[in-house]
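As structure tokens, the structure follows; a few thoughts come after it.
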Amino acid sequence: MLRRGILVLGGLLVLAACNPSPHEFRLTDVSGSQAKLTLFKAPTAAGKVLTAEDLRGKIVALYFGYTHCPDICPTTLAKLQAVVQRLGEASDDLQVVFVTVDPKRDTPAVLERYIHSFNPHFIALRPDPQVLPKLTSRYHLTYSYGKPDAAGNYPVKHTSTLLIFDQTGQMRLMGRSDDNPKDIAEDIAYLISHPS
């Protein structure tokens, strides 16, 4: 009886070794979502047209914001740069894409300087103002403009969700403003090492 119990226990240990427990994502797992990466041929800050197909094979971290944002946008982009550093060589499989919700002030030159101050490989997109609402609504994101002051400056309220897509363009994770680089990097590293 004892011998049989030992054999059963040994078999369970072998099965556990062959079938490790699934990764527990730190970010919000939305793998069952039907949302796919769509960019509607948005022009980059450099003037090139970027589509979702251009990013196939990469993990894409997509974030909507604006360059005049006083806090959350630069914090998020700095966080993503820390994620790149944590990933090391594996970061070659990650593409960070920043989409402006303020195309009026965020000219291509402004966007280029801004995004490259965080990382020269990050991409900034400047959608046509008529296309932007379609793009944000696709991901259930919102933005609105405040009243301009005497100098013409105005605040922009926007959803601060980080969207992460796998190599096939399927949305897999959603990040919040309080997520830390370590957790984001670990989740992305898992997606990189377990391609869909």
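Of all residues in the stretch 131-188, those satisfying the criterion of being among the aliphatic types (A, V, I, L, M) and assigned to a strand (DSSP E or B) are Val156, Leu162, Leu163, Ile164, Met171, Leu173, Met174. Name every residue in the stretch 37-52 that is of a type outside the set (Gly, Ala, Ser) and at pLDDT below 95, in order of residue number. Across the stretch 37-52, the qualifying residues are Thr38, Leu39, Phe40, Lys41, Pro43, Thr44, Lys48, Val49, Leu50, Thr51. Going through the stretch 131-156 one residue at a time, which ones are free of Cβ contacts under 8 Å to residues at least 60 places away in the same chain and closer than 14 Å to Val99 by Cα? Correct list: Leu132, Pro133, Ser137, Thr142.
Okay, residues lined up against (1) within 21 Å of Phe40 (Cα to Cα); (2) of a type outside the set (Asp, Glu):
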residue	(1), (2)
Ala90	no, yes
Pro103	yes, yes
Pro120	no, yes
Asn153	no, yes
Asp166	yes, no
Gly169	yes, yes
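Filtered by the rule that a residue be among the acidic types (Asp, Glu) and within 25 Å of Asn119 (Cα to Cα), the stretch 19-67 gives Glu53, Asp54.
Quick grid of which residues meet (1) without any contact (Cβ under 8 Å) to a residue 40 or more places away in the chain; (2) in contact with a Lys or Arg (Cβ under 6 Å, 6 or more places away or on another chain); (3) part of a strand (DSSP E or B); (4) more than 20 Å from Val49 (Cβ to Cβ):
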position: Arg86; (1), (2), (3), (4): no, no, no, yes
position: Pro103; (1), (2), (3), (4): yes, yes, no, no
position: Glu112; (1), (2), (3), (4): no, no, no, no
position: Ile115; (1), (2), (3), (4): no, no, no, no
position: His121; (1), (2), (3), (4): yes, no, no, no
position: Pro129; (1), (2), (3), (4): yes, no, no, no
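Looking only at the stretch 122-156, filter to residues that are among the aliphatic types (A, V, I, L, M) and within 21 Å of the chain's Cα centre (by Cα); which one of those is surrounded by the fewest Cβ atoms within 10 Å (Cβ to Cβ)? Going through the qualifying residues, I end up with Val131. The set of residues in the stretch 34-57 being crowded, with 19+ Cβ neighbours inside 10 Å, in a loop (DSSP other than H, G, I, E, B) and either aromatic (Phe, Trp, Tyr) or out of contact with any Lys or Arg (no Cβ under 7 Å at 6 or more places or on another chain) (or both) consists of Leu37, Leu39.
Restricting the stretch 171-192 to residues that are modelled with pLDDT of 95 or more and small (Gly, Ala, Ser), the residue that is nearest to His140 (Cα to Cα) is Gly175.
Scanning the stretch 69-95 for residues that are within 28 Å of Tyr145 (Cβ to Cβ), buried (at least 16 other Cβ atoms within 10 Å of the Cβ) and more than 13 Å from the chain's Cα centre (by Cα) returns a single hit, Cys69.
The values are calculated or read from the model by the stated rules, or taken from the named source; none is laboratory data. Since the structure is predicted, the reported quantities are computational estimates derived from the model, not experimental observations. Note: ideal-geometry Cβ built from the backbone for every residue, glycine included; neighbour counts use all protein chains shown.
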